[in-house]
Every structure is written in C-alpha cells, then in structure tokens.
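Scroll down for the structure; my scribbles are underneath it.
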Amino acid sequence: EVRPSSGWTCGGAYLKFYNETGEDEDFDASAVDNNTPYSVMFGPDKCGTTNKVHLIFRRKSLIDGSIEEKHLKDAPLVPSDSNTHVYTAVIDPVKNHVKVLVDGEEKASGSIFEAFDPPFNP
C-alpha cells in the first residue's frame, strides 16, 4: 500500500528483497545503498520519463554466470493521483506465471518465459 505525500513528482516506493549475506556475515541495514544486491524489486517508480510499476528479478545467468536483471516488459503505469494504492505481485512458480495488480485489478500478466526482458531460460 502506497500513498504519496503530495502526489507523484519524482520518487519510488518499491520493495527490494535483498540477497542473503553469507554464513559468517550479519545483515547490516545501515550499509544498504542503491548497489546492495537484491533478488526481487517490486513497486511504483515515477521520475522524469520513468513511470511504471517495476517487477525485476535479479539472478545469476545459467549461461555465463553474470548477474542479469529481468524486467517486466509491459509494466503498468503508476496512477497519477495522490490517493492510496495497493500494489500486488503474484508469482506462481508452478505455472511460471506472474501478475501485477493495482488496487486489486490486473494490470499486467504473463509467462516468465515471455513477459520479461531479457527472457528467462526455460
């Protein structure tokens, strides 16, 4: 649930699910910055030409081991009013399908093999 304090001018209200740090490391929230590795990022972002509800999976490539970000291709727009909105990501690992809802209404959906850029490997 997100409510911009004075409408959207420039900002994001997304969640990032951070990677585990390792067996001998404790998570240090004070060290979190824009470069902290994450697995999933989800939520609204509106600034300049960016206006979308992000759904991004960040993972290691099975082909070459590099880190890739898989972005939802047809991400929905962020509502332009100053009302409270509920953003929901539904990830079905059995059907390999995702949905993005805004206020309970489906705004984007698709197979993880077709709806992301770059695509996931089947």
- Note on the structure: Note to self: C-alpha centroids of region 40-69 and region 78-122 sit apart, in Å, by 13 Å
- Lys, Arg +1 and Asp, Glu -1 on Cβ, resulting dipole of region 8-122 about Cα centre, debye, nearest 20: 500 debye
- Toward the positive end of the charge dipole of the chain, about the Cα centre and with charges on Cβ (Lys, Arg +1; Asp, Glu -1), which of 36, 57, 112 goes farthest? 112
- Item | HN-Hα J in Hz across region 108-120 - Karplus 6.51, -1.76, 1.60, θ = phi - 60°, x for Gly and Pro | 7, 6, x, 6, 5, 7, 10, 8, 10, 10, x, x, 6
- Task: Determine, from the Cβ-Cβ distance of residue 95 and residue 32 and an R0 of 25 Å, the FRET efficiency 1/(1 + (r/R0)^6), rounded to the nearest 0.05.
- Result: 0.15
- Over all Cα pairs of region 50-122, how is the pair count split among 5 Å bins, expressed in % and running from 0 up to the last occupied bin? 3, 16, 25, 23, 15, 9, 5, 2, 1
- Loop sites in region 43-118: chymotrypsin sites (Phe, Trp or Tyr not before Pro), DSSP, at most 13 other Cβ within 10 Å: 113
- Item | Sequence-distant lysines (8 or more away, or on other chains) whose Cα lies within less than 26 Å of residue 46 | 16, 70, 73, 99, 107
- Message: What does DSSP give for the chain in terms of the percent of beta bridges that are antiparallel, rounded to the nearest 5?
- Response: 95 percent
- Task: Would you kindly work out the equivalent ellipsoid of the chain from its C-alpha gyration tensor and give its semi-axes, the square roots of five times the eigenvalues, largest first in whole Å?
- Result: 25, 21, 13
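Coordinate-derived values only; no laboratory data. Everything numeric here is computed off the predicted structure, so don't read it as measured data. Cβ atoms come from the backbone with ideal geometry, glycine included; neighbour counts cover every protein chain shown.
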